[in-house]
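Values quoted throughout were computed directly from the atomic coordinates according to the rules given, and no laboratory measurement underlies them. Keep in mind it's a predicted model, so treat the numbers as computed, not measured. All Cβ positions, even for glycine, are placed from backbone atoms using ideal geometry, and neighbour counts span all protein chains on display.
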Amino acid sequence: MIIIESKRKKPATILKKYPDAILADVTSGAKDGLVKLSPFYPHGDIPVPFSEGYTATCVEAIWQGLKVFERCDVDVSLFQNDAMKGLKRTVRRFGKPLGHSKGVNGKELLGYIEARKEIYIPTYRWVLENKVAHIIERLREASNSGKTIVLLDYTTNADVEEGKKPLSHASLIKAYAEGIYPYEDAEIKPNKVYKENIIQLDLFNQ
């Protein structure tokens, strides 16, 4: 079983609710290999949606880089940010957000939920499939063996249609691991590299 809880909660509080659960921090503040599941982690070479020839370091760089404001257009320089910080673009600095450009040179602006569906969710899926498949498979194995895995994230919103709160990337990890919306067709096919990494990154043993 995979559960999503706020990282802001005390571990003791979570463990009281889910005794013997494995707490897995998947934020940029994680202290182990699970930090690679953070949208801020600089895997590199991540294709930018609707932007042939462009790649970025991390999911958040793409999400922020394609955002368009009243006083600022797309910022491709963010695509090379590998510091896991300095990625946020604020209303105070750039004015009201107008939407996300459908590609670096796109002429169409996507609304928040539409951009979430066409940019953020597909980009994060690409990372899950191409950069951290070994971790996801280990998560599946642990969950299927009867363990309770609690993924810790700063936001717990799992509703793709809820635009008032940021979408929890932990909820996307759960969705991909369990094959539920928005990743109903998710399937990881093991390969030699993944099997070797499983041995090296046995992240769910305590």
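Across the range 101-114, coupling constants 3J(HN,Hα) worked out from phi with the 6.51/-1.76/1.60 Karplus curve, θ = phi - 60°, read 5, 7, x, 4, 9, x, 9, 9, 9, 9, x, 4, 5, 4 Hz, and Gly and Pro carry x. Summing +1 for each Lys or Arg and -1 for each Asp or Glu among the other residues whose beta-carbon sits under 9 angstrom from that of Phe40 gives 0. Comparing mean-square fluctuations of Glu129, Glu108, Glu118 from a GNM of the chain with C-alpha springs under 10 Å, the top value falls on Glu108.
Straight-distance candidates among the lysines for linking to Lys102, with alpha-carbon spacing under 17 Å and chain neighbours fewer than 8 residues away dropped: Lys67, Lys117. Summarising the label geometry, the points placed 7 Å from Cα in the beta-carbon direction at Ser145 and Ser28 lie 3.2 nm from one another. Fully extending the segment from Leu98 to Lys10 would add 28.0 nm, taking 0.36 nm per residue of separation and subtracting the current Cα-Cα distance. In this calculation the C-beta distance from Lys17 to Glu52 is compared with R0 = 45 Å, giving a FRET efficiency of 0.45. For the chain, a crude dipole built from +1 on the beta carbon of Lys and Arg and -1 on the beta carbon of Asp and Glu, taken about the Cα centre, is about 860 debye to the nearest 20. Computed over the Cα atoms of the range 46-111, pair by distinct pair, the Kirkwood hydrodynamic radius stands at 11.8 angstrom.
Between the residues Ile22, Phe94, Ser143, the greatest Cα displacement towards the positive end of the dipole of the chain, with unit charges on the Cβ of Lys, Arg, Asp and Glu, is found for Phe94. Once both labels are positioned 7 Å from their Cα atoms along Cα-to-Cβ, the gap between Lys88 and Lys165 label points is 1.8 nm. Contact order for the chain, expressed relative to its length and based on alpha carbon pairs under 8 Å spaced 6+ residues apart, stands at 25 percent. Relative contact order of the range 59-102, taken over Cα pairs closer than 8 Å and 6 or more residues apart, is 48 percent. Rounded to the nearest 20, the size of the Cβ-charge dipole of the range 46-111 about its Cα centre is 380 debye, with Lys and Arg at +1 and Asp and Glu at -1. Result for the chain in a Gaussian network model with C-alpha springs under 10 Å: among Lys88, Lys102, Lys36, the largest mean-square fluctuation is at Lys88. In the chain, a dipole from Cβ-located charges (positive for Lys and Arg, negative for Asp and Glu) runs towards its positive end, and of Phe79, Pro39, Ser6 it is Ser6 whose Cα lies farthest in that direction.
For the options Ser145, Ser171, Ser28, a Gaussian network treatment of the chain with springs between C-alpha atoms closer than 10 Å singles out Ser145 as fluctuating the most. Angle check, please: helix 121-130 long axis (alpha carbons) against the longest principal axis of the chain (alpha carbons), in degrees 0 to 90, nearest 10. Orientation of helix 121-130: about 50 degrees from the principal axis.
Of Lys131/Lys165; Lys88/Lys165; Lys88/Lys147, which ones are farther than 24 Å apart at the Cα? Those over the limit are Lys131/Lys165; Lys88/Lys147.
Among 53-62, 72-81, sorting by the average number of other beta carbon atoms lying within 10 angstrom of each residue, highest first, gives 53-62, 72-81. Here Lys10 is the anchor, and the aspartates and glutamates within straight C-alpha reach of less than 18 Å, apart from those fewer than 8 places off in the same chain, are Asp20, Asp25, Asp153. Helix 133-144 axis versus longest C-alpha principal axis of the chain: approximately 40°, rounded to the nearest ten.
Each principal axis of the Cα cloud of the chain was evaluated for its coordinate range; sorted largest first, these ranges are 50, 39, 31 Å.
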